[in-house]
Amino acid sequence: MSHTHENRDDKVSLVEMGPRDGLQNEAATLPLAQRLALIARLAESGLQRIEVGAFVSPKKVPQMADSAALFNALPRRGPTRYAALVPNLQGLQTAIAARADEIGLFTACSDGFTRANIGISVEESLVRFAPLVQEARSLGIKVRGYLSTVIACPFDGPTRPKRVAALAERLLDLGCHEISLGDTIGVGTPGTVAPMLDAVLHEIPAGRLAVHFHDTYGQGLANLLPALERGIRTIDCSVAGLGGCPYAPGASGNVASEEVVYLLHGLGMSTGVDLDQLAATGQWVSELLGRPNGSRVGQALHGRGRRLAQEREQRALGSHHAS
């Protein structure tokens, strides 16, 4: 494809969730130095938006306890923007002091989930958010609104598409620059995702939306296709498929970043990400956590790399014997 013809439509922006959404749902806690190394490696692979921490209660989420120290030690060079999730004013103030480039606020489409997650109803969460968004925006900090359970809730059952659209519009009206639509428990299929997206796109332009699919039932990648077909160009993903959801037992992590990059490159879209570098990072962090690599692309590239190394070794041995 010639560069003169290249347009915004072929570029997809990935929001890497591994260091936050991923690690906070892993059994093992990585020490600060390893979290920093993970973030540095992700940035080097070309990811320009990385959610790195959460200013939440350390009692609730011990994996995120040292987020302030983490932000203070981040490599602040190049185009990479670092985001933090905050639940309340105190969290926002800590995030601002730590120089977060972007703030994430989270609510859901169902009261059952917001009560389990943040102890209040959806309506109360929106009331709580209004001053937070104003405060952040007055300081020039962009705010991203996360909308969970857009397909179904583990407590309240299926979510109506119109409900998702109405809440997404409320978040936009509050001043969020982007709304991330999350299938938190990963139950969606293209058949349920498409009508939800159509309802939301009726109210909000595609450029202000992101999709956040968990891969619990192996549908994460398939669900990206209706989003891409409808012009959505921001995708949340998690290296090596890290994570899950503490309130959705058995939910696997966000769709693996490696899978997303492989899919997009195969569709002729550009991500600015070096897939081999990303896959090596996924393998590295999986080994650190002592868990299997949750990315099939990562596994395939790692296996190929090992096989090529063995072949090189055998060739070297062969020529050594021949001499």
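The values are calculated or read from the model by the stated rules, or taken from the named source; none is laboratory data. For clarity, every value in this text was computed on a predicted model and none was experimentally measured. Cβ sites come from the backbone with ideal geometry, for glycine too, and all protein chains shown count toward neighbours. Surface accessibility is based on the protein's heavy atoms, side chains included, excluding ligands, DNA and RNA. Shrake-Rupley method; radii C 1.70, N 1.55, O 1.52, S 1.80 Å.
General observations
- The residues of region 178-192 that are more than 23 Å from E124 (Cβ to Cβ), open to solvent by 10 Å² or more (accessible area, probe 1.4 Å) and outside any helix (DSSP H, G or I), listed by number, are V187, T189.
- Filter result (of a type in the set (G, A, S), open to solvent by less than 40 Å² (accessible area, probe 1.4 Å) and more than 19 Å from the chain's Cα centre (by Cα)) within region 122-151: S125, A130, A136
- All positions within region 9-48 that are within 13 Å of the chain's Cα centre (by Cα) and free of Cβ contacts under 8 Å to residues at least 40 places away in the same chain: P19
- Condition met for A108 (open to solvent by 30 Å² or more (accessible area, probe 1.4 Å), among the small types (G, A, S) and closer than 22 Å to I50 by Cα): no
- Condition met for L70 (touching a Lys or Arg at 6+ places or on another chain (Cβ under 9 Å) and free of Cβ contacts under 8 Å to residues at least 60 places away in the same chain): yes
- Entirely in region 10-123, the helices (runs of 4 or more DSSP H) that have 3 or more residues that are in contact with a strand residue (DSSP E or B) (Cβ under 9 Å, 6 or more places away or on another chain) and under 23 Å from G140 (Cβ atoms): 67-73, 89-97
- Residue selected from region 34-72 under the condition of a type in the set (G, A, S) and modelled with pLDDT under 95, by the criterion surrounded by the most Cβ atoms within 10 Å (Cβ to Cβ): G53
- Within region 193-220, the residues that satisfy the criterion of being touching a strand residue (DSSP E or B) at 6+ places or on another chain (Cβ under 8 Å) and assigned to a helix (DSSP H, G or I) are V193, M196, L197, V200, L201, R208, G220.
- Single residue of T114, T94 found to be within 22 Å of L209 (Cβ to Cβ) and of a type outside the set (A, V, I, L, M): T114
- Condition check for A100: of a type in the set (A, V, I, L, M) and over 22 Å from T80 (Cα atoms): no
- Selected residue (criterion: nearest to the chain's Cα centre (by Cα)) from residues of region 194-229 that are within 20 Å of L171 (Cα to Cα) and small (G, A, S): A210
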